[in-house]
Each structure stands twice: as structure tokens, then as C-alpha cells.
Amino acid sequence: MNPGLPASAQTARQVLADTDQTLATQFWAGADIDELIARRTKAVDQLIQSLWHSIDWPAGASDAIALFAVGGYGRGELHPYSDVDLLILCADDPERWQSPIETFIQQLWDLNLDIGHSVRTLDQCQEQAGTDITIATALIERRPLAGPHRLDRKLGELFAADEIWPSAKFFRAKLAEQEQRHKRFADTEYNLEPNIKSSPGGLRDIQTVGWIIKRHFGSMGLTELSGRGFLTAEEAALLTEGRRFLWRIRYGLHLIAGRKEDRLLFDYQRELAERFGYTDDPGQLAVEQFMHDYYRFVLGLREVNDVLLQHFDEAILRAHYTPLIEPVNERFQLRDSYIEARHPQIFAQYPPALMEIFVVMANRRDIAGVRSDTIRLIRNHLSLIDDSFRNDPEVTALFMALLRAPYTLVPQLMRMRRYGVLGRYIPEFGRITGQMQHDLFHIYTVDAHTMMVIRNMRRFLYRSAEETFPVAYHTIRQLPKVELLYLAGLFHDIAKGRGGDHSELGADDVQFFCRRHGLDQADTDLVRWLVQDHLLMSSTAQRKDIHDPDVIHEFAQRVQTQTRLDYLYTLTVADINATNPELWNGWRATLLRQLYVETKKALRRGLQAPVDRDQYIQDAMQVTLEKLESRGIPRERALAIWSDPDPEFFLSHGPSQIASITEAIDGHDAAARPLVMLREVTGQVGNEGATEIFVYTKDQPNLFAATTMALDELGLSIHDARIFTSDSSYCFNSYIVLDESGQALGNDPDRCEHIRRTLEQQLQSPELTTDRLGRRIPRRLKQFQRPTEAHIGNEQDSPYTLLQIVASDRPGLLARLGRIFVELGISVHNAKISTLGDRVEDMFYILGPDQQRISDPAQITRLSKTICEQLDKDISAETA
């Protein structure tokens, strides 16, 4: 007990603590959330009322001061650490009661409650509520705790007489408030770490409906609202169950965080999933199943919110307005630009109308949306979408007509998804609705990602895309049937979460779908191939050396035709940009464009006439030597500088670039100080490009590790590295880097000079101190630490051993790997660096301590184990 507190406050604090502990135990045991919230609210009510009545109020106070619960407390929604908001309403001057009020508030603070309070007169309430919608809302949902009822009645009369925020004005204000709130969350329910209160489909959407109901209809509940036709029984049930589901999450969040918390952060997601009884299965992690349920609920809640607000718009704003009716066909008409069924039996009498309505909207630009009554009719008739419906030639023809429609394809597909039509028509799509992938790479649920892929495809058709996505702007216009691209987009990830290879399973699904929709064999084969190989182009560009003619020839053999190349490139760019906006950067754009252009050349030459790799290198060397001779550097001196040149260097650099590098090296004393050069790898179009940092210096331990650490500290991300050491022990090292925004350094001479000088200084004595290697892991990355995988193998005809590292991302990872390579005697000759959200998939072309390929199975096993143990030890030390 705290001796500084009055005995009554000490007792009250202990009573509240005991109550909260009891309720927490019952909550984790699965007690009814409505009952728990009601019991906690009642317990706080009793404590506050007891303290109120224990105050030594002056004479007359019982008829002049009233106490109200407002805000969430007024609604009776007290979670473990919710704010306790109070209004003290005075019939006359509040200063008359200042001393006892201060005593009362101090005692409330002594309870460790998060108190928010205001002291106002009726006139002040009227004045402040009239200009502040938040205050007006709090007064509407007030709940009397103590004091005369006449003050409550007088406060209610202000709103009953429409003196403060008339119903129509209140509705408009709340609608605008919700729109602004949704914008803060990118207008999507599918945030990785959603705010369960404020995100679209969250508790605030439910509360907004409640406020509008209370302001316009008085104290009408959901049951009465259903009776008036504003709410169906199913919608009322969804609002109730959705609120209970979100309440349960919020209650658990407060208990786990030990404070008021509405953000469903990654670490909380995992713990709640476990506490709520979710378990991992072969297709989905427990946390993914939990979040799948969350996203399904908020998607449904948002849709009910939208429907009700449209109903309120008609009842409140347009009650006395004569609508403009325009017939569309015998089944549909427009009412003030919103499409509606002409009578309630339309879908029962003609089931294809469930598809037709979306085709109608996609072929017109003047339809604002679907009337709420018609949305309900669609939902009520979803059972008609069965196998017979799916196989109806009229319906399948309508779906293909939708994909070919000139306007608003994506909004119609999104409506079909929200209304449940798309998930019924394509049952495989229904299974991925709301399905998340618990990582930082995929920032949207699978269904939301799919919609964004098709949205990106449509945007490539806009004139603005010519600058931002110039190649895709060109390729999509070359496609003979763009609807086949949309089909591939719909199905490319449709088999995620089933276990197995989602590309193979999705290819089977789309093949069946294409045949059912009457596509010929050639079109079916094309769409199947696109789904099956939708990752081929991105993986080739990111993981293989696309400067190598052999790599280009192998890729061209997989693609076969220019038309398939155009389809695949367009799908790839749309997919990457819909997975995570941070994935698309100048270097990735450059790689994909280069792969596209080189493959196009290979296809034009013919697959039977590939470029001879060795001859290509010899020709490049000869052209370079001729350029150098014209600059006064004879052939012998150039060859001495190169000292047994690495063929890869002549694949990745053009003759002019190599000549410039050689010219800079000529006469430079690399033993005294490193040579550091920066040049822009400028893309041909758009925002392509990167910066190459070339380092020429005497070889020494820790060089690779020190270079990567220095670049990391300079705010540069490495995307490609080529390491070559000549016979005379001089290094020709090249690093492709981007800045923090994913762009090349560009025309910034001061920054480039700073980078050059910093590297020169640090590479003169490349030491790695513990503090440089041991920077802290950011919070988000900590939640996704996984065991490291190290795969070592030898590819046919490659002079190097391939080491693939799959590991959790962290600051200084490349430098740590460089230190491990030094300790193991491994030399790196080439590297492809790829960061995918919370994980890295890096590929290193290496040689062993004897400068030979590593082929001994025992040595491979030992190296793999050591690399994994060293990297995992670092993670364990920080996350312990």
C-alpha cells in the first residue's frame, strides 16, 4: 500500500487491480468478451461513483453538478488500458466548485487510470460542440454517472432541437472524417501491421455507423434498424461478430503490451495467434491463419459500413429529392448515376445478371457505383453461383467480355471481390481472399496483391506510363489479346497457401479455367505458361549474369517467341510493383530492360544461332586494346595492367568503359592508395540506372568486408559485386549501388567526391571493429529472423563454386559474410545481392583456399555449417 494515498484511494486502487487481474485470467481462458467489457466498465463506474459521493461537496452541489462518462467510456467500452473520459457539467459557474472537483480528479489519478476530463456549463457545451464535431460526438454518446437528471435532459434538448449539428450536417462531417482517416492508411484494409481502431474496416468504422444512427434516429439499436430496412439480419450479425472479434484482439493487445495499444504489430500478431489457439499447418503458419480471419472480418465490416452510409445518404441527405432514372436495359437502370436492379427478382429470374451488371459498368464511364439495395440483392443470390452457373456459356462469355471491356476493369473486379462474386465464381480465388504472407517482402494479402497486379497492367496503358514504365508501355501495346495477360495476373498467385509449388498448381487451375471459357489451345497454353513461369524473368535478371550470352540463350529457349517475351515482361513488371513498391528501383528496371532487349536480339537471330561466348570476349578485348592504343597506351602495357584478365570483366563492361578504367589505372600507384572511381550505369529510358563504384587496390585481408561495410555506412545498398584479383595480387572490384531511395547517385558531385574519399581512406587500412559489425537490428526485422541456409554447388562449365545464402536481413550482413570468408579462406569473384523484404537471397561465385572450385562433399558440408552457425550466432545474441 502507498502511505501517501488516502485509505479510500488505496482500497479503490487495489480493488481495481484485483478486478483487472481476474478479468485478464478469464479473458485468456476464453470468457465472453462482451461480458468482460461490461464488467470492467461497471467496476470503474462503481469506483468513480464511490469517489464522487465521498467528496465533501458544498451545499447545493447535488442539484448543480452532474458527472458523465463520454467517449469510449460513455459507450461502455473499457479495455484494460482504455482512456477514462469524463464530463463534469455545471449548472452555473464551475469556479464555485473548483476545490472539490480538484480533489475528485486527484483521487482518480491516484487510481492509475488514464483520465481525461472537462468541466463545462451547458452554454459552454453548446458553444464548443457547435464548432467541434469531436466534442459534439462525445456529448451524443454521454452516459450519466452521478448528479441531477435535469442536466442530462437539458443537454439532450440541445441536440433534439437540431441546434447543434443538424443530422445532415453531422452525417457529412462524419463521412468526411472517415474518408480522411482511411486516406491515412492508404484506403486499404490490408496493412501489414494494421491499427484495429482506425484502419479501414476497424472499430472506428463501426463507431461511425453508431454515431450517425444515434444522431439521426435517437437511441435506435441494430434490431430496430433492421426492422426499418436499413440493415439486414446478416449485416447486423456481421457488425456484432466483427465488433466482438476486434474487441477480443484489442483486449489481448492491451494485456500483452501492458498499455493502451491499437497497432497489431508483428510480435503481437504471433503471440495473439498462439494465445487464441491457432496452430501451424503445412499450408499456413498460425499467425497467417489468425490474420486471415482478421482481414476477412475487416473486409466485411468495411463493406457493411459502405452500404449503410449509402443508405443514410439516401435517408438523410436525399429524403426529399426526386431521383433521375435512366433505363440501361430490361434488367438494370441508373438512379442518380448509381446502377440498380429494376426489380428484386432479377437475379433469381436471370442468374447471368450477376455477371452482367459488372460488364455493364466496365463499358460505361458514367456509373458512380452500385445502389446499396442491389448490393444486398447480389449477396443474397450468391448461392446461384454454382457449377451450373460457372459452366454456363452465357456467363463465361460475359466474364471474358468483362476482361475485354475498355473502362474500369479493376474497380469492377474489386467490387466482385468485395461482394463475394469473384470468390464464388473462381473458388480458388475465394480461398486466398484475406490471406497474408507473414514477411516484409509481401506487403499485401494475396487477393489485394492480385488486384494491384491487374491495376498496374491497366496503368501501363496510360500515357503517363511512357515515362515511368517505358518498356511495359511499349510491350502491352504489342499484345494481341490483352485479356490473356489479365487472366495470367488473376491466377499467378492463386495457389498460394496450399503447400507445394504455387506456380505449378496455379498453372493447372488456369488451364481448366481457360478451357471452360472457350479459349483455344494456343491461348490456353500461353496463359498456362505465363502462370507457371511468372517468376522466370525476375529470377533470371536478379540471380544470373545476364551479360553472359549463354544465359541469354538459355532464357530465350525458355521464352521461344517475341510475343511470349512481351507478355512475360509486362506480367513481371506489374507483379514486382504490386508486391512491394520498394522492390522496383533503377537497377532492377535496368536489369529487366537489358534482359528483354538481349533476348529480343537472340530471338531475332534465331535460337539455332547463339552468340559464341569466347569469341564475344575476344572481340571485346581486341576493340578495347585498339581504343587504348589510340590513347597512347600500347597493347603490352594494357595486358600487364590486366595481368591475366578475367573474362567476366569483358562481359559486364563495354570496351569504352574498360578503356577508361585502364587509362585511370595506368600510372596510378595502387600500393600507396586505392583507386576509387564512380560512374553512372545510365539506363536507356525512364528511371533506370545505378551507380558503379570501381576499386583498384592491392589485395589484402578484409577488403571485401571493409568495402561493403563502408558502403553500408554511406547509405548505399549493394546490388551486384564483381571481384577479380590479378596474378600480381591487384584487385579489380566493381560494386553496383543505389541510394536510400533506390536510385542512382546521379548528378551530385559533392556526394560522389565524399564517397570516393571515404572509401580511399577506409580501404587503406581495411580493419573491421566489433562495433562496426554489431549495429542493432531494427524492430521490424527482429520479428522475422529465421535460420540461415547456405547451399554450395558447382555448375557445369563454370570456373567457380556457387554459394547461395538465404538469411534474415540485418545491418552489416555483407560485411559479416566478408569476415567469415576471410576466416575460411574463401575468395569471392562475383556476387548477386538481392534483398526481399526481411530476407536476403545472395549468390556468391567463390573459390576455396587453394583457388580451386570446392568439390569435396565433406568440405562443402563443413563450410555450409560454419557459415550458418556464425550468422545465426549473431542473430541469437541480439534477439535473446
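The set of residues in region 75-90 that are within 48 Å of the chain's Cα centre (by Cα) and either open to solvent by 10 Å² or more (accessible area, probe 1.4 Å) or farther than 12 Å from Leu145 by Cα (or both) comprises Arg75, Gly76, Glu77, Leu78, His79, Pro80, Tyr81, Ser82, Asp83, Val84, Asp85. Just one of the listed residues (Thr572, Thr599) is modelled with pLDDT of 95 or more and closer than 21 Å to Tyr444 by Cβ, and it is Thr572.
Taking the conditions (1) closer than 30 Å to Gly689 by Cβ; (2) open to solvent by less than 40 Å² (accessible area, probe 1.4 Å); (3) without any contact (Cβ under 8 Å) to a residue 40 or more places away in the chain in turn, Tyr462 satisfies each one other than (2). Within region 10-31, residues that are aliphatic (A, V, I, L, M) have Cβ atoms under 9 Å from residues that are open to solvent by 40 Å² or more (accessible area, probe 1.4 Å) in these pairs: Ala12/Ser50; Val15/Gln46; Leu16/Asn112; Ala17/Asn112; Leu23/Arg39; Ala24/Leu255; Ala31/Thr25, counting only partners at least 6 apart in sequence or on another chain. Taking region 327-359, which residues are surrounded by fewer than 15 Cβ atoms within 10 Å (Cβ to Cβ), in contact (Cβ under 8 Å) with a residue 12 or more places away in the chain and part of a helix (DSSP H, G or I)? Ala348, the sole residue that qualifies.
Scanning region 91-105 for residues that are more than 52 Å from the chain's Cα centre (by Cα) and of a type in the set (Asp, Glu) yields Asp92, Asp93, Glu95.
Based on this model, can you work out whether Ile755 counts as hydrophobic (A, V, I, L, M, F, W, C), open to solvent by less than 30 Å² (accessible area, probe 1.4 Å) and modelled with pLDDT of 80 or more? When the stated conditions are applied, Ile755 passes them. Being at pLDDT 90 or above, part of a helix (DSSP H, G or I) and buried (at least 19 other Cβ atoms within 10 Å of the Cβ): is that true of Leu763 here? No, not satisfied. Looking across region 811-847, the residues that are in a strand (DSSP E or B) and among the hydrophobic types (A, V, I, L, M, F, W, C) come down to Val828, Ala831, Leu836, Val840, Met843, Phe844, Ile846, Leu847. Within region 735-759, can you find the residues that are assigned to a helix (DSSP H, G or I) and either over 23 Å from Arg810 (Cα atoms) or within 26 Å of the chain's Cα centre (by Cα) (or both)? Pro749, Asp750, Arg751, Cys752, Glu753, His754, Arg756, Arg757, listed by residue number. Sort out which residues of region 19-34 are assigned to a helix (DSSP H, G or I) and of a type outside the set (A, V, I, L, M, F, W, C), and write them in order of number. Those that are assigned to a helix (DSSP H, G or I) and of a type outside the set (A, V, I, L, M, F, W, C): Thr19, Asp20, Gln21, Thr22, Thr25, Gln26, Asp34. Within region 443-451, is even one residue within 30 Å of Arg810 (Cβ to Cβ), under 22 Å from the mean Cα position of the chain (by Cα) and open to solvent by 30 Å² or more (accessible area, probe 1.4 Å)? The answer is yes; a qualifying residue exists.
The condition of being of a type in the set (Gly, Ala, Ser), at pLDDT 95 or above and surrounded by fewer than 19 Cβ atoms within 10 Å (Cβ to Cβ) holds for only one of Ala405, Ala362, Ala368, Ala319, that being Ala405.
Would you be able to say whether some residue in region 46-66 is of a type in the set (Phe, Trp, Tyr) and more than 23 Å from Arg153 (Cα to Cα)? The answer is no, given that none of the residues of region 46-66 is of a type in the set (Phe, Trp, Tyr) and more than 23 Å from Arg153 (Cα to Cα). Scan region 536-576 for residues that are within 24 Å of the chain's Cα centre (by Cα), among the polar types (S, T, N, Q) and closer than 18 Å to Leu479 by Cβ and the total you get is 2. The set of residues in region 35-65 being within 22 Å of Thr19 (Cα to Cα), open to solvent by less than 50 Å² (accessible area, probe 1.4 Å) and either part of a loop (DSSP other than H, G, I, E, B) or of a type outside the set (Lys, Arg) (or both) consists of Leu36, Ile37, Thr41, Ala43, Val44, Asp45, Leu47, Ile48, Leu51, Trp52.
The single residue among Gly130, Gly116 that is surrounded by fewer than 16 Cβ atoms within 10 Å (Cβ to Cβ) and in a strand (DSSP E or B) turns out to be Gly116.
Considering (1) open to solvent by less than 60 Å² (accessible area, probe 1.4 Å); (2) at pLDDT below 95; (3) more than 20 Å from Thr433 (Cα to Cα); (4) part of a helix (DSSP H, G or I), the lone condition that His254 does not fulfil carries the number (2). Out of Phe159, Phe68, Phe104, report the one residue that is at pLDDT 90 or above, in contact with a Lys or Arg (Cβ under 9 Å, 6 or more places away or on another chain) and surrounded by 15 or more Cβ atoms within 10 Å (Cβ to Cβ). None of the other options fit; the residue is Phe68. Taken together, Ile115, Ile88, Ile33, Ile37 contain a single residue that is in contact with an Asp or Glu (Cβ under 9 Å, 6 or more places away or on another chain), modelled with pLDDT of 95 or more and of a type in the set (Val, Ile, Thr), which is Ile37.
Here Val611 fulfils each of the conditions (1) within 30 Å of Thr561 (Cα to Cα); (2) touching a Ser or Thr at 6+ places or on another chain (Cβ under 9 Å); (3) not in a helix (DSSP H, G or I) apart from (2). Give the residues of region 470-515 that are open to solvent by 30 Å² or more (accessible area, probe 1.4 Å) and modelled with pLDDT of 95 or more, sorted by residue number. Matches in region 470-515: His474, Arg477, Gln478, Pro480, Lys481, Val482, Glu504, Leu505, Asp508, Gln511, Phe512, Arg515.
When Gly518, Gly430 are checked against the criterion of being touching a helix residue (DSSP H, G or I) at 6+ places or on another chain (Cβ under 7 Å), among the small types (Gly, Ala, Ser), part of a loop (DSSP other than H, G, I, E, B) and surrounded by fewer than 20 Cβ atoms within 10 Å (Cβ to Cβ), a single residue qualifies: Gly518. Is it the case that Leu299 is buried (at least 19 other Cβ atoms within 10 Å of the Cβ) and within 30 Å of Arg270 (Cα to Cα)? Yes: the conditions hold for Leu299. Remark: pairs (first residue in region 519-546, among the hydroxyl-bearing types (Ser, Thr, Tyr); second residue not in a helix (DSSP H, G or I); Cβ separation under 7 Å; 6+ apart in sequence or on different chains) = Thr540/Ile546.
One residue stands out in region 683-734 among those that are of a type in the set (Gly, Ala, Ser) and part of a helix (DSSP H, G or I): the one that is surrounded by the fewest Cβ atoms within 10 Å (Cβ to Cβ), namely Ala710. Consider region 806-850 and keep the residues that are within 33 Å of the chain's Cα centre (by Cα), over 22 Å from Glu795 (Cβ atoms) and among the charged types (D, E, K, R). The one that is least open to solvent (accessible area, probe 1.4 Å) is Asp838. Filtered by the rule that a residue be over 48 Å from the mean Cα position of the chain (by Cα), over 24 Å from Lys698 (Cβ atoms), part of a helix (DSSP H, G or I) and not hydrophobic (A, V, I, L, M, F, W, C), region 621-672 gives Gln622, Glu626, Lys627, Glu629, Ser630, Arg635.
The values are calculated or read from the model by the stated rules, or taken from the named source; none is laboratory data. Keep in mind that what you see is a predicted model, and the values were worked out from it rather than measured. We place every Cβ from the backbone using ideal geometry, glycine too, and count neighbours over all the protein chains shown. Surface accessibility is based on the protein's heavy atoms, side chains included, excluding ligands, DNA and RNA. Shrake-Rupley method; radii C 1.70, N 1.55, O 1.52, S 1.80 Å.
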